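Student: Okay, handing you the structure first.
The values are calculated or read from the model by the stated rules, or taken from the named source; none is laboratory data. Being a predicted model, the structure only gives us computed values, none of them experimental. Note: ideal-geometry Cβ built from the backbone for every residue, glycine included; neighbour counts use all protein chains shown. For accessibility, only protein heavy atoms count, side chains too; no ligands or nucleic acids. Shrake-Rupley method; radii C 1.70, N 1.55, O 1.52, S 1.80 Å.
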Amino acid sequence: ANFSFFYQDPIAFLFLCKQYLLNKMKINPLAIACLNAIILPALAFHPSFGKRAGGGQMCQTQVKNINLRHASVTDESTEAITLGRQELSPAYVKAKDYVMTTVRAAAPPGFPMEKWDGFIEHFVTEYGQTIQESGKYSADFFASNMLSVLQFGFKYGLPSSPDHYTFDTTHKAIREPFDFYEWGCNFFGPAMDLDNSVVIGVENLRNAFDQVKAGDNVVFLANHQSEADPQVMSKLLETVGFGKEASEITYVAGHKVRTDVLAVPFSMGRNILCIHSKKHIDADPETKADKTRENLKTMSAMQQLMKQGGFSLWVAPSGGRDRRNVATGEIPIAPFDQKTVDMFRLMANKSKTPTHFYPLSMVTYYLCPPPDTVEASTGEARNVRYEPVGIACGKAVESVGGLESRHLFTEHAQQVVEEGYQLLLKAISEKKSRNMK
């Protein structure tokens, strides 16, 4: 432990100690509640803690451009997947009330809490139901985790905060003095039914990470279903012995994970290459030129990383999350964008470093179901479920298709991802059935 940190920032130091005790030791729930009551409200807007987080630029602006369109949370698109949930027990109701009271009291001056209140309470209720349904954690654990997300969101995600975190086009995970990577895993991990989760293609994963260790590059061409996909990758790779490798993966991320108030602290714990997706770059014509320049800067940084070698990259060539078919209830995989795949192959060739492309299927939709429609704005309603998840890694895709038939590479990669996706759905269903007996 670095005890000089205590003298620099005692509140943050106590928070770190509390998280350690919560994760590593069995502590009396009353003691945890007392620690929460003392530490978390004080940390919410403690002025110096965020300034030493590092890795980005801190700035202060006026409260503006905070999209609150989803604040009332009455969207019919989520109604079908919110039915049949457990009511919160008295202990969890008390914990939820404590979270909401603390957050309302800690809201900064000028913050429109009356507009955010419904949005926040929905998220708090969802997470509380999820932790309760897991049957593995206490109401105090739920309150502690939930408060940390909301308070970090206020501190680092709000444009009005003096500690507002602004991402560069290339971001390195912040692991000290506070470990945002581990914190993010500890928040979403308890929502994953790992007993019924599945990893397919372990040998392919081993080959991929061995190639990275040897100095080659690996690109995982994945479907994307949930904003918790990076945490799913970490938790599932840990189960098959690739925890360290999981922490080193870089994720290609769009604008929402860098600007959404609640997404910001999770993104701070990830290696990220920030790209404006094709779906959203034209949303605001006035900023299109700036977004294009940022994308070019990101491409340049990615090229340098590929030249260095030993680089693992996760990218969703669809440019966004898979969306539910409202009519059938099915969740089809969004089509891979041909030009996106071509661009990564071109950059791999230009790097002169051997680069291997692995199709990666992910089943994570019901963990954090997204809205049924694609929106360019941030601030979507957060839904969380206690659900099993899965990843399936196929064999590296051979470099098929020349200039005139390069579509064959993309089509083959998508086909393998779709096949792996169906295998995961079947394997998860069968595992749940076996475990219920």
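Student: Looking at the stretch 88-116, I want the residues that are of a type in the set (A, V, I, L, M, F, W, C) and have a partner that is at pLDDT 90 or above and not in a helix (DSSP H, G or I) with Cβ atoms under 8 Å, at least 6 apart or on another chain. Which pairs are those?
Tutor: If the second residue must be at pLDDT 90 or above and not in a helix (DSSP H, G or I), the pairs left are ALA91/SER138; PHE111/LEU158.
Student: Tell me the residue from GLU418, GLU430, GLU411 that is modelled with pLDDT of 95 or more, within 12 Å of PHE336 (Cα to Cα) and of a type outside the set (S, T, N, Q), please.
Tutor: After applying the criteria, what remains is GLU418.
Student: Another question, then. Which residues, taken from the stretch 228-258, are free of Cβ contacts under 8 Å to residues at least 12 places away in the same chain and not acidic (Asp, Glu)?
Tutor: Across the stretch 228-258, the qualifying residues are GLY241, GLY243, LYS244.
Student: With (1) part of a helix (DSSP H, G or I); (2) free of Cβ contacts under 8 Å to residues at least 60 places away in the same chain; (3) surrounded by fewer than 21 Cβ atoms within 10 Å (Cβ to Cβ) as the list, and ILE120 as the residue in question, which single condition is left unmet?
Tutor: Of everything listed in (1) part of a helix (DSSP H, G or I); (2) free of Cβ contacts under 8 Å to residues at least 60 places away in the same chain; (3) surrounded by fewer than 21 Cβ atoms within 10 Å (Cβ to Cβ), ILE120 misses just condition (3).
Student: Mind counting the residues in the stretch 160-193 that are open to solvent by 30 Å² or more (accessible area, probe 1.4 Å) and part of a loop (DSSP other than H, G, I, E, B)?
Tutor: 7
Student: For the subset of the stretch 333-374 comprising residues that are under 22 Å from the mean Cα position of the chain (by Cα) and of a type in the set (Gly, Ala, Ser), which member is most open to solvent (accessible area, probe 1.4 Å)?
Tutor: ALA334
Student: Checking the structure you have, find out if any residue of the stretch 313-321 is open to solvent by 20 Å² or more (accessible area, probe 1.4 Å), at positive phi and of a type in the set (Gly, Ala, Ser).
Tutor: yes
Student: Do you know which residues across the stretch 271-323 are of a type outside the set (A, V, I, L, M), under 30 Å from GLY215 (Cα atoms) and part of a loop (DSSP other than H, G, I, E, B)?
Tutor: If the condition is that a residue be of a type outside the set (A, V, I, L, M), under 30 Å from GLY215 (Cα atoms) and part of a loop (DSSP other than H, G, I, E, B), then HIS276, SER277, GLY309, GLY310, PHE311, PRO317, SER318, GLY319, GLY320 are the ones that fit.
Student: Given the criterion in contact (Cβ under 8 Å) with a residue 12 or more places away in the chain, open to solvent by 10 Å² or more (accessible area, probe 1.4 Å) and part of a helix (DSSP H, G or I), identify the matching residue among ASN145, ASN207. Let's see the steps before the verdict.
Tutor: Numbers: ASN145 fails: open to solvent by 10 Å² or more (accessible area, probe 1.4 Å).
After ruling out the rest, the residue left standing is ASN207.
Student: Still on this model: All but one of (1) surrounded by fewer than 19 Cβ atoms within 10 Å (Cβ to Cβ); (2) touching a Pro at 6+ places or on another chain (Cβ under 9 Å); (3) farther than 30 Å from LYS307 by Cα hold for GLY215; state the number of the condition that does not hold.
Tutor: Going through the list (1) surrounded by fewer than 19 Cβ atoms within 10 Å (Cβ to Cβ); (2) touching a Pro at 6+ places or on another chain (Cβ under 9 Å); (3) farther than 30 Å from LYS307 by Cα, GLY215 breaks only (3).
Student: Check whether at least one residue in the stretch 229-248 is outside any strand (DSSP E or B), more than 21 Å from PHE154 (Cα to Cα), open to solvent by 30 Å² or more (accessible area, probe 1.4 Å) and of a type in the set (A, V, I, L, M), and report yes or no.
Tutor: yes
Student: Kindly list, by first and then second residue, each pair from a residue in the stretch 416-433 that is assigned to a helix (DSSP H, G or I) to a residue that is open to solvent by 80 Å² or more (accessible area, probe 1.4 Å) and of a type outside the set (Ser, Thr, Tyr), limited to pairs with Cβ atoms under 8 Å and residues at least 6 apart or on different chains.
Tutor: Once the first residue is assigned to a helix (DSSP H, G or I) and sits in the stretch 416-433, its partners that are open to solvent by 80 Å² or more (accessible area, probe 1.4 Å) and of a type outside the set (Ser, Thr, Tyr) give VAL416/LYS395.
Student: Something else now. Return the residue satisfying two criteria in turn: it lies in the stretch 99-148 and is among the hydrophobic types (A, V, I, L, M, F, W, C) and over 23 Å from SER89 (Cβ atoms), and of such residues it is nearest to the chain's Cα centre (by Cα).
Tutor: In this case the residue turns out to be PHE119.
Student: Within the stretch 272-300, can you find the residues that are open to solvent by 30 Å² or more (accessible area, probe 1.4 Å) and either under 23 Å from PHE180 (Cβ atoms) or of a type in the set (Lys, Arg) (or both)?
Tutor: Result: LYS278, LYS279, LYS288, LYS291, ARG293, GLU294, LYS297.
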